[in-house]
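The values are calculated or read from the model by the stated rules, or taken from the named source; none is laboratory data. On a predicted model such as this, the values are computed, not experimentally measured, just so you know. Glycine gets a Cβ as well: all are built from the backbone with ideal geometry, and neighbour counts include every protein chain shown. SASA here: full protein model, heavy atoms, side chains in, ligands and nucleic acids out. Shrake-Rupley method; radii C 1.70, N 1.55, O 1.52, S 1.80 Å.
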Amino acid sequence: MRNPNVPESLEGWWILHRMFSFDRRGFGALSGKKRARATDDALDLLNSLKAEDGDVGLAQIVGHKADLMITHYARAYDGLAHAQGAFDRLELTDHLVPCESFTSVLELGLYDATAKIHDELGTSNLKPHSSEWNAAFDQKVSRQKSSPRNAERLWAKIPPRRYVSFYPMDKKRGESVNWYSLPYAERARMMVEHGKIGRTFHGLVTQVISGAIGHDDWEWGVDLYADDPLVFKKLVYTMRFDEASARFGEFGRFWTGMQFTIPQLGVFLAGEASPALLEQTAALR
Amino acid sequence: MRNPNVPESLEGWWILHRMFSFDRRGFGALSGKKRARATDDALDLLNSLKAEDGDVGLAQIVGHKADLMITHYARAYDGLAHAQGAFDRLELTDHLVPCESFTSVLELGLYDATAKIHDELGTSNLKPHSSEWNAAFDQKVSRQKSSPRNAERLWAKIPPRRYVSFYPMDKKRGESVNWYSLPYAERARMMVEHGKIGRTFHGLVTQVISGAIGHDDWEWGVDLYADDPLVFKKLVYTMRFDEASARFGEFGRFWTGMQFTIPQLGVFLAGEASPALLEQTAALR
Amino acid sequence: MRNPNVPESLEGWWILHRMFSFDRRGFGALSGKKRARATDDALDLLNSLKAEDGDVGLAQIVGHKADLMITHYARAYDGLAHAQGAFDRLELTDHLVPCESFTSVLELGLYDATAKIHDELGTSNLKPHSSEWNAAFDQKVSRQKSSPRNAERLWAKIPPRRYVSFYPMDKKRGESVNWYSLPYAERARMMVEHGKIGRTFHGLVTQVISGAIGHDDWEWGVDLYADDPLVFKKLVYTMRFDEASARFGEFGRFWTGMQFTIPQLGVFLAGEASPALLEQTAALR
Amino acid sequence: MRNPNVPESLEGWWILHRMFSFDRRGFGALSGKKRARATDDALDLLNSLKAEDGDVGLAQIVGHKADLMITHYARAYDGLAHAQGAFDRLELTDHLVPCESFTSVLELGLYDATAKIHDELGTSNLKPHSSEWNAAFDQKVSRQKSSPRNAERLWAKIPPRRYVSFYPMDKKRGESVNWYSLPYAERARMMVEHGKIGRTFHGLVTQVISGAIGHDDWEWGVDLYADDPLVFKKLVYTMRFDEASARFGEFGRFWTGMQFTIPQLGVFLAGEASPALLEQTAALR
Amino acid sequence: MRNPNVPESLEGWWILHRMFSFDRRGFGALSGKKRARATDDALDLLNSLKAEDGDVGLAQIVGHKADLMITHYARAYDGLAHAQGAFDRLELTDHLVPCESFTSVLELGLYDATAKIHDELGTSNLKPHSSEWNAAFDQKVSRQKSSPRNAERLWAKIPPRRYVSFYPMDKKRGESVNWYSLPYAERARMMVEHGKIGRTFHGLVTQVISGAIGHDDWEWGVDLYADDPLVFKKLVYTMRFDEASARFGEFGRFWTGMQFTIPQLGVFLAGEASPALLEQTAALR
């Protein structure tokens, strides 16, 4: 983008969250054979999607908004369409009603680095926005992308923690409070503060930020993964007081529940008491 | 959280409210045998959920938004998922359509205590946010949790009063009126005022506050329990004038109705005149 | 409530408005015998609800939002639940889809009287909020309730006028325009102005105000009854300019139509031209 | 209303807009005989409604919001209920789903005339709001109503132009921008400006304004009729810049499409290419 | 419009976007023969619509909001109605549920040119808004329309790029931030800035702007076409910081996915892995 007012970002996995209501009664009323076949077909597909260059996350959601959340990671955008189309042909979908989704791409924001790159190029002899300047700019951004630490974060698999909370968010564009009208330095300062508060929860939570502008109805998606569901409350409440969130954060619906592994899909579908499922989940890790 | 801008809180029961529309005509059209079986299965499950380490509340809701509200208390979050999954496999759910829910955890806010702890530690020799300071901080919070009075409130069962009103709420984050941008002392002062008004209804109403940040679409849930349904109107109206509510409260939908006991489920399902049901409820207590 | 910032109020009938879509085609396709039975059962129930200590209003609503509005009056809140549960077991409900409702209690606001009571007690020797003061306060409010004029208004039956318009409303709590942050005297002044404008329509319209705070999603419900449907437009438009409404009124959806009597239910259900129905309605009164 | 702050208005036809989704596939799957019968029954009803003292407009709507819009004009409000009830018993409605409606009454606003009447009476010797004053006031308004030009506009039939665009609107009541808090003269000035802009489209468009306050969820309905659908865009865009609209207009959904005549209903239902239908429409006029 | 406060615009294709949910399971359960017939009928219609004076775009949408987006271009508005009516009679629509649509007309805004025309005529001797002045004005606008560059843009076919993102938008009319209350020159300046940022993405994206005022619920529609779906994110994010968007843009839902050609419809419907589909799409171009 090379625009001094706009932070650059790095992108990794394309991500598709899908939320479904599950008709437990209807599925339970099928013959054992039919249920086994529907389950096996779903397992085959999910395993193959995971085996391909991507990942698949499954979670049992609490509340009426959804029963099941599937998180697809794909190296290319087209992989999301492939995952969606293939899943929607499964017999299992006779008992799953899609009720929400979110399309985004894993994103590392570069507020600090962008400012530094503009500063460095400002002291070079290159004419701003000349093709040499553009090339130098792009190279510096690209160097960020290939740093081992960033590459690892951009292509990390879905964190195997027991609980997940997903929510979409926007930065406010109100009549007097408008994130996008603020000077770059002020936004950068608030993002640093925001990050500091996040880091006080280091070790307790793994956070995945993805960008959805141009693809979905909110600007970003946030996935939180933790071993204790109370951590979601403590983290999100604490952050609500930091300036970037208190004044500029607008939040969508929260989708929270318990992750389980692909082999446990049958247990989830059969509805054999979730605690059992969860013990197994814990054991598997 | 140990952040001087953020009040600490204590957490007790995990709580799941579920609201359902009940197809009285469809259920009534089943054979007596089928109805009895569906009722007995539901009774068995609800009794076992109550017998486990938790509680189950049932209420007949007035109006079109729902006919039945079930309130689940569970010691662990996973217990909510278990309750939901098990209930959704009941034959009875063929005639219950889930239309709303709310996931939260019973919460005691500590505006005053948090300020005192920061003050006490401020006069100690501990370096702020050092591991010693953190340990001292956590110990002081933990002491609050184990105080008999707090422990009793955190793990109290659902109040057995005849009427219940549930609603979710947020603190406003407007462009100029923003709870989360206020200084700690100002928020603490308003919460004290708010509490005082609540206490003028002492004895007439039992209030249960639960926190949902990170788990559901509103920040808090409020359950009011009373023996006279007019008390809900008087209390909520009075509170609407106190500063914390007048300027900063944002309220969701209200779900109000009459509690009944698990053994009365059959009466509710058969729809034998509610007054009879309610007389029984009164007698049972 | 005894709070000098909060106007006292008197409460009469508990009120439940229920709006339904009517499947005229489906009902018309039943055999004459089935239709007669469904109609007779409904008549029996509505007559018995009216004969009990309460009232029942019926109205044919114009537009797609609903075809039928039932207004239940009951002396006790439990009576609303009873009316709802009993109606929902009628065969007729196979062709009625509930699409809206409103639960409230008939209310007389006491802005003036409350101020006077506080003034009177302020010049007494009683210690404010002592038990003697409270008793004196409650006695004065109670005296209002038993005044013949107020008692008559609190327990008046549904006005038998040909047209009805129902809508719910709130007082605004915006960031700068906030009814609940205003001084008592300013609110009282605006309510007096508001009442004066209403009185310029004296004789043309009968108004029933009910309070829903703590029970439903809006703070108040307003029923207007008139012999000329144009009066609704003239009255509501005129009021929109008075300060209490212009600046502080927030209005929900409007449900407007023609009342008919219980014996006319069959005519409504058969759909024999509404004009005929209306002539009969006029004749009956 | 006789209130110097409130413009008087004249009212003509009662108007009911009804929007329906049409299940073309389901209707097309009926036997030819059934389709013919359903079509004929609908034609009979629509013709009789038009022959009565009123009018019936039909339009094919573009987009997913609706396929068919019916506009009923009736001399009395009860006629709208009659039209609705009778139409809803048609066999055709098995394949029409009502998805929106708007109830209103054709209205001529009298901003200028009202001010003049108050001025005239102010210089008379009548005591304001005495019964003589009221009688004089009403007589002057009534004289407006019976003027031939106004009477013609109040009772004009639906303009037989090829295209129609309907939308509801409100005047804004924001926290700082509030139409209903403005002085009369300022509102009158803006309405004059608004009218002037409308007149630059004279001949290109016929506009019908109707008032819905007290009857439906928006304050006014606007119907635009034109021979060129691009005119809707040019007119509404131009008006959006005039002060009354730019600052105070709030607009609902837009329902735009092509009018056709009652005899063409069969063509619409059979779905024989709309262009053919439209050629016929053009020819018929 | 000839109003110095209102920019003129040129209009080309009428455009109808239609979004559908596709019931893959239901369609897949049909016999091969039925599927072939339904597919062939759809192909025939789409080909004929494309062969007529217009265009047809198809896209597989990612997420739950829709599975298929069809974009119709027609020289006349009536062509949109024709396309909709004809498509809705296809057997295929038994498995397609319309869930959104947008009706608009391709538009080139003339902020600069309009100002110039008013300036030129201001220095002429013509009396403003006389019939000579109007004729001169219209001639100058018309000259813009027939310029080869504009004519090409007004009647360009749907860009054959692999990815598409569609979203509707408004210009804000808030209480203090109101696009339509700004002076012409200020709006013109911001539109120039906005255009400059768009041009930094030259070659990477093809943008189609269409106007919907008077026809649909948003003022404009934006279609972006690109060979890399990440470009949508980069472009829309960058633009969000320019003043016209940051302060005045209000955005609807985003509909993003992969275009495919009419001959590939069968592949889409059969759901044979989207990657294969996409390889073919790439090859076809």
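Restricting things to alpha carbons, tell me how big the protein assembly as shown is in terms of Rg and Dmax, in Å.
Rg then Dmax for the protein assembly as shown, in Å: 32.9, 95.
Picking from D:Ser124, D:Ala185, D:His82, whose Cα lies most toward the positive end of the charge dipole for chain D (charges on Cβ: Lys, Arg +1; Asp, Glu -1)?
Most positive-ward Cα: D:Ala185.
Show the residues, 5+ positions off or on another chain, whose built amide H is closer than 5 Å to the amide H of D:Phe260.
D:Leu58, D:Ala59, D:Gln60
How many square angstrom of accessible surface are buried between B and C, both sides summed, with a 1.4 Å probe and rounding to 100? The partial results should precede the final answer.
Details: alone 14780 and 14760 Å², together 25740 Å².
When B and C are taken together, about 3800 Å² of accessible area is lost.
Given the options B:Glu243, B:Glu193, B:Glu120, state which has the largest fluctuation in a GNM of chain B using a 10 Å cut-off (strictly under) for Cα springs.
So, out of B:Glu243, B:Glu193, B:Glu120, the one fluctuating most is B:Glu120.
Long-range amide H contacts for A:Asp217: which residues qualify at under 5 Å (H placed 1.01 Å from N, peptide plane, sequence gap of 5 or more or a different chain)?
E:Phe254
Specify which residue in the list E:Phe137, E:Val164, E:Val205 is farthest towards the positive end of the charge dipole of chain E, using unit charges on the beta carbon of Lys, Arg (+1) and Asp, Glu (-1), about the Cα centre.
Of the candidates, E:Val205 comes out farthest on the positive side.
Past the 27 Å Cα-Cα mark, which pairs from B:Lys233/C:Lys234; B:Lys65/C:Lys233; A:Lys145/A:Lys196?
On the way: B:Lys233/C:Lys234 31 Å; B:Lys65/C:Lys233 29 Å; A:Lys145/A:Lys196 22 Å.
In this structure, B:Lys233/C:Lys234; B:Lys65/C:Lys233 exceed 27 Å between Cα atoms.
Angle, helix E:77-87 long axis vs. longest principal axis of chain E, Cα atoms, 0 to 90°, nearest 10?
Result, in degrees: 10.
For the range A:1-72, run through the GluC sites (Glu not before Pro) and keep only the ones in DSSP coil with at most 16 other Cβ atoms within 10 Å of their Cβ.
Working: sites: A:Glu8, A:Glu11, A:Glu52; in loops: A:Glu52.
Those that pass, being in a loop and sparsely packed, are A:Glu52.
Tell me, what is the percent relative contact order of chain E, built from C-alpha pairs under 8 Å that lie six or more residues apart? List each step's numbers first, then the result.
Details: 450 pairs, mean separation 72.7, N = 285.
Result for chain E is 25 percent.
At a threshold of 8 angstrom on Cα-Cα distance, excluding pairs fewer than six apart, so keeping six or more, what relative contact order does the range C:79-226 reach in percent?
Working: 123 pairs, mean separation 48.3, N = 148.
Reported relative contact order: 33 percent.
Determine ³J(HN,Hα), in whole Hz, for all residues of the range C:93-105 in sequence, where each value follows from phi through the Karplus function 6.51 cos²θ - 1.76 cosθ + 1.60 and θ = phi - 60°; x replaces Gly and Pro.
Values, residue by residue: 5, 4, 10, 10, 9, x, 10, 6, 7, 8, 10, 7, 9 Hz.
Tell me, what is the per residue accessible area of the range E:50-196 in Å², probe radius 1.4 Å?
Working: 6140 Å² over 147 residues.
With all protein chains present, the range E:50-196 gives 42 Å² per residue.
Using amide H atoms built in the peptide plane, which far-off residues or other-chain residues are under 5 Å from B:Trp13 H to H?
The answer is B:Leu106.
Compute the acute angle (0 to 90°) between the alpha-carbon long axis of helix B:184-199 and the principal axis of greatest extent of the alpha-carbon atoms of chain B; round to the nearest 10°.
Rounded to the nearest ten degrees, it is 40.
Find out how many positive minus negative residues lie around D:Tyr184, taking Lys and Arg as positive, Asp and Glu as negative, among other residues whose Cβ is under 13 Å from that of D:Tyr184.
-1
Please build a GNM for chain C, connecting alpha carbons under 10 Å apart, and tell me which residue among C:Leu108, C:Leu80, C:Leu45 fluctuates the most.
C:Leu45
Sum up the charges of everything whose Cβ sits under 12 Å from the Cβ of B:Lys50, counting Lys and Arg as +1 and Asp and Glu as -1, but leave B:Lys50 out.
Details: positive: B:Lys157; negative: B:Asp44, B:Glu52, B:Asp53, B:Asp55.
Once all neighbours under 12 Å are counted, the net charge is -3.
Expressed as a whole percentage, what fraction of the accessible surface of the range B:146-195 belongs to carbon and sulfur atoms when a 1.4 Å probe is rolled over the protein heavy atoms?
Numbers: 1260 of 2240 Å².
Roughly 56 percent, rounded to a whole number.
How big is D for the range A:103-259, in µm² s⁻¹ as a whole number, if Stokes-Einstein is applied with the Kirkwood radius of its Cα pairs at 37 °C and 0.692 mPa s?
Details: Rh = 17.5 Å.
In µm²/s, the coefficient is 188.
What is the local net charge at C:Val205, summed over the other residues whose Cβ is closer than 13 Å to its Cβ (Lys, Arg +1; Asp, Glu -1)? Before the final figure, lay out the partial values.
Numbers: positive: C:Arg161, C:Arg162, C:Arg199, C:Lys233, C:Lys234; negative: C:Asp223, C:Asp227, C:Asp228.
Charge balance near C:Val205 sits at +2.
Under the Karplus relation 6.51 cos²θ - 1.76 cosθ + 1.60, θ = phi - 60°, what is the ordered set of whole-Hz ³J(HN,Hα) values for the range C:156-173, x standing for Gly and Pro?
5, 6, 4, x, x, 9, 5, 10, 9, 9, 10, 8, x, 8, 10, 9, 5, 10
At 1.4 Å probe size, with the rest of the protein present, what percent of the exposed accessible area of the range B:1-135 is carbon and sulfur atoms? Don't jump to the answer; show the numbers that get you there.
Working: 2510 of 5050 Å².
That share works out to 50 percent.
Please name the residues of the range A:182-229 whose accessible area, counted over protein heavy atoms with a 1.4 angstrom probe, falls by no less than 50 Å² between the chain alone and the full protein assembly.
Listed in order, they are A:Ile213, A:Gly214, A:His215, A:Asp217, A:Pro229.
Could you run the Karplus curve 6.51 cos²θ - 1.76 cosθ + 1.60 with θ = phi - 60° over the range D:62-68 and give me ³J(HN,Hα) per residue in whole Hz, x for Gly and Pro?
Along the range D:62-68, the couplings run 8, x, 7, 5, 6, 10, 9 Hz.
What's the angle, to the nearest 10 degrees (0 to 90), between helix B:230-240's Cα axis and the longest principal axis of chain B?
So the inclination is approximately 30 degrees.
Just report the Cα centroid separation between the range D:97-124 and the range D:156-234, whole Å.
About 13 Å separates the Cα centre of the range D:97-124 from the one of the range D:156-234.
Which of A:Ser124, A:Ser104, A:Ser146 moves most in a GNM of chain A, Cα contacts under 10 Å?
Greatest mean-square fluctuation among the candidates belongs to A:Ser124.
What shape does the range A:185-225 have by the C-alpha gyration tensor, where a ≥ b ≥ c are the square roots of the eigenvalues, rounded means a/c under 1.5, and otherwise prolate means a/b greater than b/c and oblate the rest? Please report the intermediate quantities before stating the final value.
Details: a/c = 4.32, a/b = 1.22, b/c = 3.53.
In terms of gyration-tensor shape, oblate.
For the protein assembly as shown, what is the charge dipole size about the Cα centre, in debye to the nearest 20, if Lys and Arg each add +1 at the Cβ and Asp and Glu each add -1 at the Cβ?
Taking the Cα centre of the protein assembly as shown as origin, the dipole is about 800 debye.
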